[in-house]
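Here's the structure, in structure tokens; my notes come after.
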Amino acid sequence: MADEVTQERVSTGIRGLDEMLRGGFFKGTANVVSGKSGTGKTIFGTQFLLEGIEKGETVMCIITSEESKSLVREMQSSFGWDLDSMVTEGKLVFVDITDPSLRLQKSVEIAPTELIKSFKKLVESKIEETKPDRVFIDSIEAMFLAIESNYKLRTLIDDIFGIFRKRDVTALVTVGVMFGLDEMVEYGADSVIKLGREIIGSNLQRTIYVMKLRGSGTINEVRVLNISDSGIAVLAQSPYLEK
């Protein structure tokens, strides 16, 4: 635990979560948020970026499955977060599938491994150009689903995560729960946060827990994840308490 004393922490921007992480993510690490559709992964990542902007940092959002304007519209209508103005002010940089050098179209003409290599080169060049403090990737499975070899998949995941560690960039990566891909991505991450949904009585309750955080202790509890008009927050209560 000696490194924990000296290594800088990065606030997640999620109220109640830094407590569970004993201070936040470690700077320059690759952190995964895993969960099924609708559990709050994209909101989580956006708040992570907004926290960086609030602290005067430059942040980057990499979207692999849709255009950035869809995320901008969703965050504006749901929470009033004006991401467009942050882009104009140079605080936020988007990289998405409309970038001609990314080429994330579903095309049989592009071999999956070559596609990921192109993605890796693009991310490296964008980081060198922008020098962000934080990066959010939403979501990683769009690239990796076509990789059949587990060995090759692990290697490619490590290559992507290595980009951030080498450049001291704190990265947050979302992954959906499907076909065991989430477990492969989680294995290579420095931390893993699991989001879920539980039916408690007649209520649908969102949940959160920290599966791992290398180099640090955590609060080992499942807690309630609440989504409101102001975003998401972790409540200091169990979702399993009887009403």
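The values are calculated or read from the model by the stated rules, or taken from the named source; none is laboratory data. Since we're looking at a predicted model, the values are computed, not measured. Don't worry about glycine lacking a Cβ; one is built from the backbone with ideal geometry, like all the others, and counts go over all protein chains shown.
List of remarks:
- Test: residue in the stretch 60-81 that is in contact with a Gly (Cβ under 9 Å, 6 or more places away or on another chain) and among the basic types (K, R): no
- Residues satisfying the stated conditions in the stretch 172-204, i.e. closer than 30 Å to L241 by Cβ, under 13 Å from the mean Cα position of the chain (by Cα) and part of a strand (DSSP E or B): L172, T174, V175, S191, V192, I193, K194, L195
- Beta carbons closer than 7 Å, at least 6 apart along the sequence or on distinct chains, pair a first residue in the stretch 71-86 that is at pLDDT 95 or above with a second that is among the charged types (D, E, K, R) for V72/D84; Q76/D82; F79/D229.
- Residues that are of a type in the set (D, E, K, R) and not in a helix (DSSP H, G or I) were ranked within the stretch 120-171; the one that is nearest to the chain's Cα centre (by Cα) is D138.
- Condition check for S118: free of Cβ contacts under 8 Å to residues at least 60 places away in the same chain, more than 16 Å from T29 (Cβ to Cβ) and exposed (fewer than 13 other Cβ atoms within 10 Å of the Cβ): no
- The strands (runs of 3 or more DSSP E) found wholly in the stretch 1-96 and carrying at least 1 residues that are of a type in the set (F, W, Y) occupy 92-95.
- Among the candidates K117, K106, K121, the residue that is of a type in the set (D, E, K, R), over 16 Å from C61 (Cβ atoms) and at pLDDT below 75 is uniquely K106.
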